[in-house]
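Participant: Structure incoming, see below.
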Amino acid sequence: MRLGLSSPLEHKSPWEWAGKMNRMGCTSVNFPVDHTCDEDLLEEYVKAAHEYGLTIAEVGAWCNPISPDAKVREAALIRCIEQLKLADKIGAKCCVNVSGSRGERWDGPYKENLTQETWDLVVESIQQIIDAADPKKTYYTIEPMPWMYPMGPNEYVKLIHDVDRERFAVHMDVFNWITTPERYFYHEEFMEECFCKLGPYIRSCHLKDVVLLQEFTLQFRETACGRGTLNLEKYAELAGRTDPDMPLIIEHLDGDAAYLESLDYVKQRFGRAGITI
């Protein structure tokens, strides 16, 4: 597997960025600039990544292509198309986004997210993005979320079927799908279900942890690796079995120091388990 960080960390040049990632033991990265970047600078980032043997795991789109606001929706669709074109141009494993929300917050929970009309909008938006970008080497992917489609492996299988595009694939974040006591306490079985049903389509994975709080009502909290209770070795094993070069991207930490601490922890923990990263 190829371990990486969602943060580019503080850096002053593409070569400093790539060199730092390499020295820390990262072998995959999220691309740190978007399609609006100066062409020469963009090419320097790509060259630096290749020079240091870093797989470009993800190009993020991170916007709302099904927003109820027409202007927001149009701008988001354009961004997704351009980011997918960028991912294809630089040979990234995937371009990733969420499916979108039907409220003001681009990734927020709303009743309107969970309707047949919204499902149809999600399918149509993904088709539109892929058809317009026409990628040849990369894939458009949706990150699992707890309150928007798809909310489980069966829904993702259905989404793949309904979208019906060769260049639509899966970004795996099983942690965002830990939404019930069953999935939490039997998370190893749930992980196996996810990789069994979606494995051939998975292009990149996020890595973090989850803890169930001892409070009413039911509350789950995303945490840094090791501060929750999930079997991260099991997750890594399933990811590596799916693809020996699968990116595992540590995300959602506050500041460079937290990322470096988590990276060191994961390397030591996986090393003790005999997991090659």
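Participant: May I ask you to say which residue of Arg203, Arg241 is surrounded by 22 or more Cβ atoms within 10 Å (Cβ to Cβ) and either in contact with a Phe, Trp or Tyr (Cβ under 9 Å, 6 or more places away or on another chain) or in a helix (DSSP H, G or I) (or both)?
Facilitator: Working: Arg241 fails: surrounded by 22 or more Cβ atoms within 10 Å (Cβ to Cβ).
Matching residue, one of Arg203, Arg241: Arg203.
Participant: Additional query: Every residue in segment 60-77 that is touching a helix residue (DSSP H, G or I) at 6+ places or on another chain (Cβ under 9 Å) and either open to solvent by 10 Å² or more (accessible area, probe 1.4 Å) or in contact (Cβ under 8 Å) with a residue 40 or more places away in the chain (or both), please.
Facilitator: Within segment 60-77, Gly60, Trp62, Cys63, Asn64, Pro65, Ile66, Pro68, Arg73, Leu77 qualify.
Participant: Further, regarding this structure: When residues of segment 28-44 are filtered for being of a type outside the set (S, T, N, Q) and either in contact (Cβ under 8 Å) with a residue 40 or more places away in the chain or closer than 23 Å to Pro244 by Cα (or both), how many remain?
Facilitator: Qualifying residue count, segment 28-44: 5.
Participant: Just checking: which of the helices (runs of 4 or more DSSP H) contained wholly in segment 1-111 hold 1 or more residues that are out of contact with any Asp or Glu (no Cβ under 9 Å at 6 or more places or on another chain), aliphatic (A, V, I, L, M) and under 22 Å from Thr276 (Cα atoms)?
Facilitator: 14-24, 39-51
Participant: Quick test for you: out of Ile56, Ile90, Ile78, Ile66, pick the one residue that is of a type in the set (A, V, I, L, M) and under 19 Å from Thr118 (Cβ atoms).
Facilitator: Numbers: Ile56 fails: under 19 Å from Thr118 (Cβ atoms); Ile90 fails: under 19 Å from Thr118 (Cβ atoms); Ile78 fails: under 19 Å from Thr118 (Cβ atoms).
Exactly one residue qualifies, and that residue is Ile66.
Participant: Moving on. Do you know which residues across segment 244-269 are open to solvent by less than 80 Å² (accessible area, probe 1.4 Å), modelled with pLDDT under 95 and not in a helix (DSSP H, G or I)?
Facilitator: Scanning segment 244-269 gives a single hit, Gly255.
The values are calculated or read from the model by the stated rules, or taken from the named source; none is laboratory data. As the structure is a computational prediction, the values presented were derived from the model and not from experiment. All Cβ positions, glycine included, derive from the backbone under ideal geometry; neighbour counts span all protein chains shown. Note: accessible area is taken over every heavy atom of the protein model, side chains too, but ligands, DNA and RNA are not part of it. Shrake-Rupley method; radii C 1.70, N 1.55, O 1.52, S 1.80 Å.
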